Amino acid sequence: MNKKKKKSPLSRLMAYTESYRGLLFGGLFLSAVSMVLGMAPYICIWLVMRDLIAAAPNWTQATEITKYGWLAFGFAMGGIVVYFAALMCTHLAAFRTASNIRKRGMAHLMKTPLGFFDSNASGLLRNRLDGAAAETETLLAHNLADIVGTVAMFIAMLVLMFVFDWRMGAACILAAIISVLSMFTMMGGKNAKLMQEYQAAQDTMSKAGTEYVRGIPVVKVFQQTVYSFKAFKQAIEDYSEKAEKYTDGVCRLPQSVNLTFTEGAFVFLIPVALFLAPSALSSGDIAGFITNFAFYAVFSAIISTALAKIMFAASGSMLANTALNRIDTVMTAPVLSVSEHPKTPNGNRVEFKDVSFTYEGANTPALSNVSFVAEPGQTVALVGPSGGGKTTAASLIPRFWDVTEGCVEVGGTDVRDMDPHVLMEHIAFVFQNNRLFKTSILENVRAAKPGASREEVLKALQAAQCMGIIEKLPEGIDTVIGSEGTYLSGGEQQRIALARAVLKDAPIVVLDEATAFADPENEVLIQKAFATLTKGKTVIMIAHRLSTVTGADKIIVLDGGKVAEEGTHKALLEKDGLYAGMWKEYNQAAKWKLQSEGEVR
């Protein structure tokens, strides 16, 4: 089977222009017109030189040169005005197209599983979508207009070069041919792949830079500055190596040849002029010969300008191609499948049926044939050694990922058969590391239910034991977090996140080690908030502090992605298995203390 031919960067970009395609084409047409108008002054120059040489030495007889001068000025100004209008059109189309790319990309990312963002850093996604979209602007706003304008210019040049003296015109064209071949050597064939490697290195450097900046607090605490900089330094060096390889190893010689022949196109006229001079002398047309030579000597300067535009346009096309490839990695990200005939869950029962799940690229499954049931109103705790699959299991309920085998059911309905919005309305989350937006407490809590009233938000904050936080803030619930030195501790942030879950009032609650960052005082308040949040709800609780799950209706012990044990706290202790061992170790750790003389127990 033949591979589907990949579309050109231009045709791929056109898919994003939408209603602005006409504006873009209008700008391209105006660009072509402006370039043709820009050629007219050279004809006027030729006419001026013709009249002056014909009238020499009686210059006063050249009465038409003033008219030609004004015509040249008029054509030049007209070309500038039309080119300005062309760029206005192409820039507007380019900005709207880049906006469309960003909007489509964000719309697509909204359909991807939330787990996708765990394996794709925010810095990398931003570079691929926002940064790459900005790079396409150059192609549409400038390069494409320059390509169309330059094509029109070259057509006009060919006409003019062969109108007056085709031999001198051919000499000028020879310089252009050599320049084009030099540019193709730089940008065509195998060297085109080097640009893709360069962009890949740029992506890696952007990702490494973002991660390094985010990790600075940890780096400073543990005084690991040099060691932590190693990955970022390596990314910079790789990027520098790719850039140097392309510029120094590939572009140096071809670019030198290109500049030499385009800037020195006049040199090609000299041997042609020497060849044609005897014939002009013998025919008595020395005035016409001098006029033509002077015209082509002046006109040859256009070649370097035209070819420079082609080179930058070709470079812009390459950059746009690599940018579109990076955009494609976002646009082709996996999306959650949505059933054409979604089903409605009947109740809040959560059931895992022989669930297996393997992360992309992993060799071993994170979960293998996991089965358990959480009845409405029950609290089911997931415990076990680190890496046992607790968080993975909980993330499959709201479809952060989809199961590899088996199914997860809510209210007797496979979560894959439910409308994603309906599924999310049935589940509230409280993670161990909740993020608050840089906005007011009111809006942070209201994020769970945008239409909630101020009174409803206050009620949720009260149920989440947050009134002590609100009272000490300068503007109460209208205080903007992160402004004017207003910051919250980890435990306080956790209680604000709990208020969100209380406000949402979903029938199923997933708690992922929600007291992990809380001090003893905050933990007591959080536990009180749990009582309100989980009342009458189906609760799936992930816990490392075993003291928080002793009252659970059911405890599922996961080890190596499999259900090792299942039962109540008392029943599992009586089995004297894995859970009993963990309980013993937990109690020993709780008794740990540091003696005054420095002895650790």
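Taken together, the values in this text are just the output of simple stated rules run on the coordinates, not laboratory data. Just so we're clear, the structure is a prediction, and the values are computed from it rather than from any experiment. All Cβ positions, even for glycine, are placed from backbone atoms using ideal geometry, and neighbour counts span all protein chains on display.
Just a few scattered comments:
- Estimated from the Cβ-Cβ distance and a Förster radius of 30 angstrom, the FRET efficiency linking Glu244 and Val180 is about 0.70.
- Listed values for the stretch 54-68 are Karplus-derived 3J(HN,Hα) couplings in whole Hz (6.51 cos²θ - 1.76 cosθ + 1.60, θ = phi - 60°), namely 5, 8, 4, x, 8, 5, 5, 6, 7, 7, 8, 5, 5, 4, 5, and x replaces Gly and Pro.
- Shape of the stretch 11-139, Cα gyration tensor, a/c cut at 1.5: prolate
- Between Phe275 and Thr439, the simple spin-label model (points 7 angstrom out along Cα→Cβ) gives 7.4 nm.
- If R0 equals 35 Å, the separation of the Cβ atoms of Ser453 and Val338 corresponds to a calculated FRET efficiency of about 0.65.
- Percent RCO, i.e. relative contact order, over the stretch 368-447, from Cα pairs under 8 Å lying at least 6 residues apart: 16 percent
- Cα-based shape type of the stretch 361-448, given that a ≥ b ≥ c are square roots of the gyration tensor eigenvalues and the cut on a/c is 1.5: prolate
- Greater than 29 Å apart at Cα, pairs in Lys230/Lys562; Lys111/Lys230; Lys459/Lys562; Lys472/Lys504; Lys390/Lys504: Lys230/Lys562; Lys111/Lys230; Lys459/Lys562
- Distance from the Cα centroid of the stretch 26-43 to that of the stretch 355-403 is 66 Å (rounded to whole angstrom).
- Mean separation of Cα contacts under 8 Å (6+ apart) over length of the stretch 63-149, as relative contact order %: 50 percent
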